[in-house]
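The values are calculated or read from the model by the stated rules, or taken from the named source; none is laboratory data. Keep in mind that what you see is a predicted model, and the values were worked out from it rather than measured. Neighbour counts run over all protein chains shown; Cβ positions are idealised from the backbone, glycine included. Calculation scope for accessible area: heavy atoms of the full protein, side chains included, ligands and nucleic acids excluded. Shrake-Rupley method; radii C 1.70, N 1.55, O 1.52, S 1.80 Å.
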Amino acid sequence: DARRRHVRRGVAPIDHHRFTETHTTFQCDDASTVISIDRVNDEYCDCVDGSDEPGTSACAGRGNDRGFYCVNAGGVATRVPASRVDDGVCDCCDGSDEDGEMGSVKCANTCGEEARARREGLMKTLREATRGERRRAKEADKARGRREEWKRERDALEEKIGEKRKRVDKLLREAEEAEAEERKIREEEEAKRRTLEEMKSNDDAPNDDAPNDDAPNAAATTNGNDEGDDENGRPTEETTAGEDAGEIIGETDEERGKRIASQWISNDDAPPESAEETGEDDGNDAPIDARVDEGDADDVVSSGRSKLRSMFDRARRLLKPSRDEALAAQASKRRDAHDAARRELDDMNDKLDELRAKVDRDYGPDDVLISLSGQCFEQKIDKYTYSACPFGEAKQDDVRLGKNVAVRVDDATGSMTLKFENGEGCWNGPSRSLALALECSDENRLASIEEPSRCEYAGVFHTPFACSPTMVSNLENELAELDRVVAAASRDASRDEL
Amino acid sequence: FKGQDFKTCETSSFCARLRDGVARDDDRNHVLGHGVDVRAVVRSKSARVVELDVVNVGAVGEEGDARARVAVEAFGSGAIRVRVDDVQKPRYVPKDVLVREVEFDVSARALLAVTESAGEVMIEARETGARARVRLQPFAVEVFAPGSGSIPSAVFNKRGGFAMELAREESGEWSETFNGHTDTRKGGPTGVAFDVTFPFASDVYGIPERATSLSLKSTRQYESASKGWFKGGGAASESERNESTLGEPYRMYNLDVFEYLDDSPFGLYGSIPMMTAHGISRSSETITSGVYFHNPSEMYVDVNVDGSNGVHTKWMAESGAIDVFILPGTTPGKVLQQYTALTGTTSMPPLFSLGYHQCRWNYRDENDVKEVDKGFDEHDIPYDVLWLDIEHTDGKRYMTWDKAVFPTPQRMIEDLSSRGRKMVTIVDPHVKRDEAYPIYKEAKDKGFYVKKNDGNTDFDGWCWPGSSSYLDVTNPDVREWWAGKFSLNSYEGSTKDLYIWNDMNEPSVFNGPEITMQKDLIHHGGVEHRDVHNAFGMYYHMATAEGLKRRNDGNRPFVLSRAFFAGTQRVGPIWTGDNAADWKHLAVSLPMVLTLGVSGLTFSGADVGGFFGNPDAELMTRWYQVGTYYPFFRGHAHLETKRREPWLFGEENTAIIRDAIRERYALLPYIYTLFEESHRTGAPVMRPLWYEFPADADVLKTQDAFMLGTAMLIRPVLEQGAKSVSVYLPKGIWYEKRSGVRHVGPKSFDVAVSLSDVPVFLRGGTIFVRKDRARRSTTAMRGDPLTVIVALDENGRASGTYYADDGESYEFASKKSAFMRRRLTFSNNEFNVAGAGAEDGNAGDAKSFIDHSLIERVTVHGLSATGDVATCAATRDSFDVVRVGAVANIRRPNLPISRDFTIAVQ
């Protein structure tokens, strides 16, 4: 009846025995006080812990808020904070939080729809997880032993490198001997030539190649400021603070604007809208964090030892005098042989470094992520194209977000996160970093990346390797539980009606 | 802070010239005073104004000599005005700063009784009894409060600091250069200066905005205690130098100061040239008086706290007239009443704007907005408004959206509205120079931009969007046009629940001198920027607020501004700009907000958490506990800071922050009542202790504690790692809010504090009303019942008021049925509710008023009756009296506060 419903408003069935209109008293949860049953849900907070008003907002913000219990017939029962009861907004899908004496809105029952939507969502997740788990298991089979394979490769390569190094040393000795021979002969000839020349002439004036380029420009920039003539004692004030004022002499208006703007934004030296400053407006706004292109300096390093060396070798050859052609050709041939072998050795060493890193790396529990090694994924999100290579590098367009240094596993949930660190530095701030959470799915896909805090990126990566048999069975259980709960809530509701 | 970007008195030529008051050898035809005494000659006397001429002493005759015209008038509201203008070339008159009556209405002026005697003219305002004695040689004006004895409230030109550089006819080269910027200053020097002495005062307050102490420190000492202004270079006596001085005068010039210091006389984003002086005599009488210098040009103020000689101040402005309103007082409340009668009182804020605001530079996209909004509900933390900073726009073209991240703004706002919440977007006064941007194009075609010093070409300055023009909001036509831009069909994606934030309106010009406009730029009517600078931001704020008011069918607008001037209180709130996540910035926010309050601009607050930098959990938590009491309560953060929504600092801190924000919401009925009082009388919402306890010499400099209205004293924790704080309670009975423990003041003691504690004391003799149910927003609280808090004095008495209206319209101003003001009293163990008496303002019409909120609880501190039943004779109901410790609660009377009744405790 109405009286019973009043007392039990917002109470979960499991607690109904305490909220019964035929009892004369009610004991607060914390047992500190016993009050008359009339004072339950009477819009006054009597219990210090707030337990006497489960169906009103009278205790909202006091004590231990257990929340208003929404029966949600046709859906899933939930609890909402006491602060939501009769506040003019429908929070329970059955609208039961808004039908008290203080309530002012009529809420439609949306529980059936919500439960259906939730069921559909759950079904979809389950389908994906099932497919994903199957794929993971298959790939795991393929990937089994990959680390061992890499180890074998590494060992073999180490051995080959040892041999190669011996050969390089030998070639170097030969080249040096040939060069020494060449040098000796050349020096002898040079000495001869010089004596000859000295004898021949003392005529030519010693017109050395004077360094007439770049004469030091001693003329100081004159300060062109000649205002402030104060002829007739007129109060012409000159309060130029000059160079001390931190102004940059000769700065244009625009440059000054940008410089001051950059105080607020640590955007290297670019103002927020730098791409637009030239005036032509192509509607292509520079993002607030438009960055200066730092060039390819890093690519040089990453492209390996051998490339650098061959550039160096070429330069050296060009500089080399070639007086005695025969001897020189001989020495040069030897040198080339050595250089070629040396380059091969460097390549092998690069390869070895890579292999060692691969072998030593953590691929998550049971090497579950090992198949992702060497793969990269790209996705356009908002204005940027992001790429992430698990166990490699992540980028936002050309900006490096960091290298994948670790797989973090949450102890409680077992969920995995790839941590990318030491990306491009933020001026006056940390280096960029990315935490990529792995979510179970039937395909590998970079799902989202955001920048919740400046330069600390967070994203989600969908992958079968985050799936597991447990996850599939958990989802199955969840689905069964949903069906069970929906049925129970409907039963409770119809019982309440009676 | 980059000091080299900004001028000092030394590098501001007018200040350097005028500060010392040293006589010059140059043409006395162009300078009045300035080291030479001036004499006044009565010119005319009429019923409401006395006019005099001022000439240099020693000038031969009046014809041909330099001269200025003085008008002395009095106002029915109490102020005495002394206005000095250049006879040859009248100075710029600021418009729309004073309220219309003061600006135009003769009947706002008091009728004068004038008596002339040897060497002086006595003027008495018939309605008020305020008097002014004009001394003719040297020229000086002494102002006396009604009924006061022989000590004047304030004396104009007691020290001979008067100076006026008169306009010149011949053209000349008057240019002035700073940091590579040349100010052509075609009109030549037009500086003005004067001094005001407060003979009784020990402390002066006001002249915001700066981050410094509440009681203003001396900037300079006199060479002589009796006469002259810093004259010569001679040695001062020991007694004159015994107080340290800042050296640099206080500056008022609205500037965008990057990373401002936490203790500096340097002027910040806004200026109010209004100062209050206060002193206590040996016989414990108190006198408070004030001065308002009605001039929006750049100015500096020297302060000299001079022991028994009172406080001397010297005011120096770059241009404009000397237009001084002396506010005779004699109480802090009366000074503010007299001041706000001139410049207006706080407009009634929409109720939602007193809730908590969540801001960040920047909430990135619609999903971010959704998640943050959801975060508040998930953590059961109330808030009312979510803010979007500059990144939400399409390339800093204000009133547009970056469609990549905000594709459906209207839907986003409507979603917030569905839970009773609002949104704010930023709109700044610089307009991106882009022909394809309709707002830019339209204003350009209409000639609505500020002009270069040639008077014809649009000024081009640099701000967020790059090259920009600036709307000339000093022009009423521009303001009218601008207001129209906020209509729903003009501002795409807006709804009636979208409100506005005006930033950068000092105006900030990144490549301008001192990061603002050149002083020789030309405004509407050929006015130079130097003449209007400090009011520019207010004009922009006014136009925006007017736009929102129109859009919402005449309901109350909400527009936050950074720049401000005298009169901004009529328009909307301001915040204290770009502070830092630093304990010192937290501490200085109190004197900053308190200073604004006693300068008429009570609706203000500091960014909770500090704008720059990353606050740790303790600082963040302590800042929220202070924010509870800021009249304007907003969390904000710089683009490059870590996220800091209230639930990101660990569970314990989340709980404490939740309590702090909930406490704000619980106090809203009281805070709203205080705002209405401020709207009616000018009294601040958040008050310095001296304002409430003017006779207590121990509180005149207190700035780590404050009053919320009359009823609560708050001593927040401002120190890192504090385990206890020292509290001083002035005379009277006090109750610790948390424990109910009773104290008898005056009393100093330490209170132990944990992270969750904010020492708050209820003042005996007061009553106020709370809404104690936690909710998610102000909208959701609308129908909630009330808790009445009664704190009894030593005689078992207390009183207070409660005001309510619809919280959004202006109907209260014209319809008695649209509001109610209730008087709540407690005496002889009886609690009484009735219509307010005339002394509290109009009672309204409680019977027809729509809000019949029930009183669910009356909480009484200090109750002597011991019975456990209370009865209402009128309804013959009886209620339980439930005691928790020393506090008694009358349980659930459930009587509407709109009804007259008495409840007696047995």
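Could you list all residues from the stretch B:393-424 that are free of Cβ contacts under 8 Å to residues at least 60 places away in the same chain, crowded, with 22+ Cβ neighbours inside 10 Å and either facing chain A (nearest Cβ under 7 Å) or not in a loop (DSSP other than H, G, I, E, B) (or both)? Result: B:Met412, single match. Among the residues of the stretch A:368-381, those identified as open to solvent by 20 Å² or more (accessible area, probe 1.4 Å) and not in a strand (DSSP E or B) are A:Val368, A:Ser373, A:Gly374, A:Gln375, A:Cys376. Checking each residue in the stretch B:611-626 for being within 16 Å of B:Ile381 (Cβ to Cβ) and free of Cβ contacts under 8 Å to residues at least 60 places away in the same chain picks out B:Ala617, B:Met620, B:Trp623, B:Tyr624.
Figure legend. Inter-residue proximity from the stretch B:10-22: first residues without any contact (Cβ under 8 Å) to a residue 40 or more places away in the chain and within 12 Å of chain A (Cβ to nearest Cβ), second residues assigned to a helix (DSSP H, G or I) and open to solvent by 40 Å² or more (accessible area, probe 1.4 Å), beta-carbon distance below 9 Å, spacing 6+ or different chains. Indicated pairs: B:Glu10/B:Ala16. Any residue in the stretch B:214-226 that is over 30 Å from B:Gln4 (Cβ atoms), within 14 Å of chain A (Cβ to nearest Cβ) and in contact (Cβ under 8 Å) with a residue 60 or more places away in the chain? For the stretch B:214-226, residues over 30 Å from B:Gln4 (Cβ atoms), within 14 Å of chain A (Cβ to nearest Cβ) and in contact (Cβ under 8 Å) with a residue 60 or more places away in the chain: absent. The set of residues from the stretch A:129-182 being at pLDDT below 90, among the small types (Gly, Ala, Ser) and closer than 22 Å to A:Ser441 by Cβ comprises A:Ala140, A:Ala143. Only one of the listed residues (B:Asn534, B:Asn456) is out of contact with any Ser or Thr (no Cβ under 9 Å at 6 or more places or on another chain) and either assigned to a loop (DSSP other than H, G, I, E, B) or open to solvent by less than 10 Å² (accessible area, probe 1.4 Å) (or both). That residue is B:Asn456. When the stretch B:184-196 is filtered for residues that are surrounded by fewer than 23 Cβ atoms within 10 Å (Cβ to Cβ) and either within 11 Å of chain A (Cβ to nearest Cβ) or in contact with a His (Cβ under 7 Å, 6 or more places away or on another chain) (or both), the ones remaining, listed by number, are B:Thr184, B:Gly188.
So that you can scan it fast, the table gives a plain yes or no per residue for (1) touching a residue at least 40 places away in the same chain (Cβ under 8 Å); (2) surrounded by fewer than 12 Cβ atoms within 10 Å (Cβ to Cβ); (3) over 50 Å from the mean Cα position of the chain (by Cα):
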position	(1), (2), (3)
A:Pro13	yes, no, no
A:Thr20	no, no, yes
A:His23	no, no, yes
A:Phe26	no, no, yes
A:Asp30	no, no, no
A:Thr33	no, no, yes
A:Ile37	no, no, yes
A:Asn41	no, no, yes
A:Asp46	no, no, yes
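If the condition is being of a type in the set (S, T, N, Q) and open to solvent by less than 10 Å² (accessible area, probe 1.4 Å), then the stretch B:273-331 contributes B:Thr276, B:Thr288, B:Ser289, B:Asn295, B:Ser297, B:Asn304, B:Thr313, B:Ser319. Looking only at the stretch B:593-619, residues that are part of a helix (DSSP H, G or I) and surrounded by 24 or more Cβ atoms within 10 Å (Cβ to Cβ) come to 5 in all. On the stretch given as the stretch A:382-404, residues that are open to solvent by 30 Å² or more (accessible area, probe 1.4 Å) and at positive phi total 2.
I'm trying to understand the selection: among the residues of the stretch B:155-183, which are of a type in the set (Asp, Glu) and more than 9 Å from every other protein chain (Cβ to nearest Cβ)? B:Glu169, B:Glu170, B:Asp183, listed by residue number. The condition of being within 9 Å of chain A (Cβ to nearest Cβ), more than 30 Å from B:Thr778 (Cα to Cα) and hydrophobic (A, V, I, L, M, F, W, C) holds for only one of B:Ala443, B:Ala436, that being B:Ala436.
Report yes if B:Leu52 is among the aliphatic types (A, V, I, L, M) and closer than 30 Å to B:Gly682 by Cβ, otherwise no. No: the conditions fail for B:Leu52. Contact map, the stretch B:733-754: residues that are over 20 Å from B:Val887 (Cβ atoms) paired with residues that are surrounded by fewer than 16 Cβ atoms within 10 Å (Cβ to Cβ) and among the charged types (D, E, K, R), Cβ distance under 6 Å, separation 6+ or inter-chain. Pairs shown: B:Pro746/B:Lys731. Would you confirm whether or not the stretch B:370-386 contains a residue that is surrounded by fewer than 20 Cβ atoms within 10 Å (Cβ to Cβ), within 28 Å of B:Tyr540 (Cβ to Cβ) and out of contact with any strand residue (DSSP E or B) (no Cβ under 9 Å at 6 or more places or on another chain)? No: zero hits. Checking the stretch B:673-693 against the condition returns no match, with no residue being more than 28 Å from B:Ala341 (Cβ to Cβ) and either open to solvent by 10 Å² or more (accessible area, probe 1.4 Å) or not in a helix (DSSP H, G or I) (or both). The selection criterion, being open to solvent by less than 50 Å² (accessible area, probe 1.4 Å), β-branched (Val, Ile, Thr) and at pLDDT 90 or above, does not hold for A:Thr125. The residues in the stretch B:834-861 that are without any contact (Cβ under 8 Å) to a residue 60 or more places away in the chain, outside any loop (DSSP other than H, G, I, E, B) and either loosely packed, with under 15 Cβ neighbours inside 10 Å or among the hydroxyl-bearing types (Ser, Thr, Tyr) (or both) can be counted, and the count is 2.
Condition check ((1) within 17 Å of B:Val55 (Cβ to Cβ); (2) of a type in the set (A, V, I, L, M, F, W, C)) across all residues:
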| position | (1), (2) |
| --- | --- |
| B:Ala140 | yes, yes |
| B:Phe144 | no, yes |
| B:Ser148 | no, no |
| B:Ser153 | no, no |
| B:Glu170 | no, no |
| B:Glu176 | no, no |
| B:Asp183 | no, no |
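Just to verify a result, which residue in the stretch A:349-367, among those that are among the aliphatic types (A, V, I, L, M) and open to solvent by less than 30 Å² (accessible area, probe 1.4 Å), is farthest from A:Val407 (Cα to Cα)? Applying the filter and picking the extreme gives A:Leu352.
Contact annotation: residue pairs with Cβ atoms under 7 Å, 6 or more positions apart or on different chains, pairing a residue in the stretch B:443-461 that is closer than 13 Å to B:His524 by Cα with a partner that is part of a loop (DSSP other than H, G, I, E, B) and at pLDDT below 95, are B:Asn453/B:Thr184. None of A:Gly423, A:Gly429 is over 19 Å from A:Thr463 (Cβ atoms) and modelled with pLDDT of 90 or more except A:Gly423.
Has the stretch B:462-483 got any residue that is within 14 Å of another protein chain (Cβ to nearest Cβ), at negative phi, buried (at least 24 other Cβ atoms within 10 Å of the Cβ) and among the small types (Gly, Ala, Ser)? Yes; the residues of the stretch B:462-483 include at least one that is within 14 Å of another protein chain (Cβ to nearest Cβ), at negative phi, buried (at least 24 other Cβ atoms within 10 Å of the Cβ) and among the small types (Gly, Ala, Ser). Scanning the stretch A:446-496 for residues that are hydroxyl-bearing (Ser, Thr, Tyr), in a helix (DSSP H, G or I) and open to solvent by less than 40 Å² (accessible area, probe 1.4 Å) returns no hits.
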